[in-house]
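Report on the structure given below.
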Amino acid sequence: MALKMHGPLTAAVLGQQLGTTGEAARQQLLRLSEAGLVSATSLPSGVGRPTQRWQLTERAQSRFPDTHAALTVQLLEIIRDSLGETALDAVISRREDETRLAYAAAMEGRLSLRDRVAMLADLRSAEGYMADWREEVDGSIVLIENHCPICAAAASCQGLCRAELQVFRSVLGQETTVERTEHIVAGGRRCTYVVRPVEDETPR
């Protein structure tokens, strides 16, 4: 909280603010650093070791109040109540189109289904979904999302989840099927998608 309120501080100054020693503050900062919540910048001090000033990382921002989820839900409800379901569907479709284009561009040159699923997992992880994937013995590939950063919005507007599934099916290719088998919004621990290559039914 002190770093949030006052910006980058040395361990000595932080110790004074907390009513403890600089060394005690430094030990706490080192623990926070191991957790990825703070980082240090070394500044020349003229004599002796450089002075370290500590600041919050981007990851630490999630530890502070954030009402973006409530705001998003409120905006979706305003669109639905004021402009109707058609307008809400148009907003969701626009988001779906932009997401599909971004994913398709990232997958350019990735021809195998395995590579496309791996890239999709990377893209989703970068967006906060904590995604992973694995290959099964039957030839299917499982895409797992351990977190949903838009859960509140998705619970309020199921069209978001439908649109995401359509995006997956589009960017993974017409020669595949994508089935959601676990769903966080429906009470699941995670969202899981089973991806299978379409069986070739051409007569031989």
Spacing of the two label points (7 Å from each Cα toward its C-beta) at LEU43 and GLU98, in nm: 3.8
Using a Gaussian network for the chain with springs between C-alpha atoms less than 10 Å apart, which of these wobbles most: SER170, SER140, SER42? SER42
Name the residue from VAL142, TYR129, GLY109 whose Cα lies farthest towards the positive end of the charge dipole of the stretch 85-204, charges +1 on Cβ of Lys and Arg and -1 on Cβ of Asp and Glu. TYR129
Dipole-positive endmost among LEU71, CYS151, ALA35 within the chain (Cβ charges, Cα centre): ALA35
So, R0 is 30 Å and r is the distance between the beta-carbons of HIS147 and ILE78; what FRET efficiency does that work out to, to 0.05? 0.65
Work out the length of the dipole vector of the stretch 131-204 about its Cα centre, built from +1 on the beta-carbon of each Lys and Arg and -1 on the beta-carbon of each Asp and Glu, and round it to the nearest 20 debye. 340
Dividing the alpha-carbon radius of gyration of the stretch 2-63 by 2.2 N^0.38 Å (N being the number of residues), what value is obtained? 1.08
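Run the dipole for the stretch 68-197 about the Cα centre, Lys and Arg Cβ at +1, Asp and Glu Cβ at -1, nothing else charged, and hand back the magnitude in debye, nearest 20.
In debye, rounded to 20, the stretch 68-197 gives about 80.
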For the chain, whose charge dipole is built from +1 on Lys and Arg Cβ atoms and -1 on Asp and Glu Cβ atoms, the candidate among GLN16, ILE184, THR86 with its Cα farthest towards the positive end is GLN16
Calculated from backbone phi, Karplus (6.51, -1.76, 1.60) coupling profile of the stretch 171-180 in Hz, x at Gly/Pro: 6, 7, x, 5, 8, 10, 10, 10, 10, 7
Estimated vicinal HN-Hα couplings, Hz - the stretch 29-37 in sequence order (Karplus 6.51, -1.76, 1.60; Gly, Pro = x): 5, 5, 5, 5, 5, 4, 7, x, 9
To the nearest 0.05, the calculated FRET efficiency linking GLN158 and ALA35 through their beta-carbon distance, R0 being 45 Å, is 0.80
Taking 7 Å along the Cα-to-C-beta vector as the label spot, tell me the SER112-PHE64 distance in nanometres, rounded to one decimal. 4.5
What translational diffusion coefficient, in µm²/s and rounded to a whole number, does the Stokes-Einstein relation yield for the stretch 55-96 at 37 °C and a viscosity of 0.692 mPa s, taking the hydrodynamic radius as the Kirkwood radius over Cα pairs? 268
Which value, in nm² and rounded to one decimal, describes the direction-averaged projected area of the C-alpha convex hull of the chain? 18.3
Given R₀ = 41 Å, FRET efficiency for VAL137-THR57 by Cβ-Cβ distance, to 0.05? 0.50
In degrees from 0 to 90, rounded to the nearest 10, what is the angle of the helix 113-126 Cα long axis to the longest principal axis of the chain? 40
Can you compute the modelled spin-label distance between THR86 and ALA186, with each label point 7 Å from Cα toward Cβ, in nm? 3.1
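Computed from the coordinates by the stated procedures, all read-outs in this text should not be read as laboratory data. This one's a predicted model, so the numbers in the text were calculated from it and none came from an experiment. Counting neighbours? That spans all protein chains shown, and the Cβs are built from the backbone with ideal geometry, glycine included.
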